[in-house]
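**Student:** Structure incoming, see below.
Any read-out appearing in this document is the output of simple, stated calculations on the displayed coordinates, not a laboratory observation. It should be emphasised that the depicted structure is a prediction, and the values quoted were computed from it without experimental measurement. Using ideal geometry, Cβ is built from the backbone for each residue, glycine included, and neighbour counts are taken over all protein chains shown.
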């Protein structure tokens, strides 16, 4: 087992939920496309990410490219940051970069009948479900006009590769010094959870 493997399969879904803006990359050298899109992780009963659900503008050239060739790599980057030697007491310790990231090899299927579901689910994921949370329904007729310009898709996961390099290779003292000294408290929290 890799030292930097997520502790639980649900950690990958948690990464996508916390950092939903992912890059979808498709095509070869002659037809390469890359678009950042907010995506939702769909999981199986065990918590594995089985698909990524979102929408893309019809005017995006990647839409036509994915219709021709539906394979895509989706890259999700979570918390990350430079770890300075100034944070540790060991004078021989060198700098590093800690991060949590996941790469998905996928097969993309357009699901136009699910465009409403994709938009409303994304709004709930980003806004929450409170009474005052924004929903697409608040746009009125403009929602129906704008919806004609996009289409939902589901990227079925064929392979998943996650790396959570969060200080698991540090000794206890160095790890503690880094976590306590980091200004980026989100990264520090993810590091702490990697050893919980």
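**Student:** Compute the angle between helix 185-194 and the longest alpha-carbon principal axis of the chain, please, reported from 0 to 90 degrees and rounded to the nearest 10.
**Tutor:** 80
**Student:** Can you tell me the length gained on complete extension of the stretch residue 180 to residue 114, counting 0.36 nm per residue apart and subtracting the Cα distance?
**Tutor:** 19.2 nm
**Student:** At q = 0.17, 0.22, 0.25 Å⁻¹, what is the log10 ratio I(q)/I(0) for the stretch 1-82, with the Debye formula run over Cα points and no solvent?
**Tutor:** Scattering profile of the stretch 1-82, log10 relative to I(0): -0.77, -1.07, -1.20.
**Student:** Further, regarding this structure: Nearest 10 degrees is fine. How inclined is helix 172-181 to the longest principal axis of the chain, computing both from alpha carbons?
**Tutor:** Helix 172-181 sits at roughly 60 degrees to that axis.
**Student:** Next up: On full extension of the chain, what length is gained from residue 31 through residue 2, given 0.36 nm per residue of separation minus the C-alpha to C-alpha distance? All intermediate terms of the calculation are to be shown ahead of the outcome.
**Tutor:** On the way: separation 29, 0.36 × 29 = 10.44 nm, distance 3.42 nm.
Net length gain for the segment: 7.0 nm.
**Student:** For the pair residue 141/residue 189, report the inter-label distance in nm, with labels modelled 7 Å from Cα in the Cβ direction.
**Tutor:** In this crude spin-label approximation the distance works out to 4.3 nm.
**Student:** Considering Cα pairs under 8 angstrom that are at least six residues apart, work out the relative contact order of the chain and quote it in whole percent.
**Tutor:** Once normalised by length, the contact order is 25 percent.
**Student:** Based on DSSP H runs of at least 4 residues, each adding -39500 (n - 2.57), what is the mean residue ellipticity at 222 nm of the chain after dividing by all its residues, to the nearest 500 deg cm²/dmol?
**Tutor:** Numbers: 6 runs with 57 residues, N = 196.
Taken over the chain, the calculation gives -8500 deg cm²/dmol.
**Student:** Alpha carbon centre of the stretch 97-161 versus the stretch 4-68: separation in Å?
**Tutor:** 10
**Student:** Given just the C-alpha atoms of the stretch 105-196, how large is their convex hull per residue in cubic angstrom? Please report the intermediate quantities before stating the final value.
**Tutor:** Numbers: hull volume 14.8 nm³, N = 92.
Looking at the stretch 105-196, the number lands at 161 Å³ per residue.
**Student:** Provide the three semi-axes, in whole Å and in decreasing order, of the ellipsoid equivalent to the stretch 59-158 as defined by the square roots of 5 times the Cα gyration tensor eigenvalues. Walk me through the intermediate numbers first.
**Tutor:** Numbers: eigenvalues 291, 99, 23 Å².
Semi-axes from the Cα gyration tensor: 38, 22, 11 Å.
**Student:** Would you mind getting the Kirkwood hydrodynamic radius of the stretch 51-109 from its Cα pairs, rounded to one decimal in Å?
**Tutor:** Radius from the Kirkwood sum: 14.9 Å.
**Student:** Follow-up. Going 7 Å from the Cα of residue 69 toward and past its Cβ, which residues in the stretch 90-128 have a backbone nitrogen under 19 Å from where you end up?
**Tutor:** Correct set: 104-110.
**Student:** For residue 77 and residue 172, calculate 0.36 nm times their separation in residues minus their Cα-Cα distance, and state this gained length in nm to one decimal.
**Tutor:** Numbers: separation 95, 0.36 × 95 = 34.20 nm, distance 2.60 nm.
This chain segment gains 31.6 nm when fully extended.
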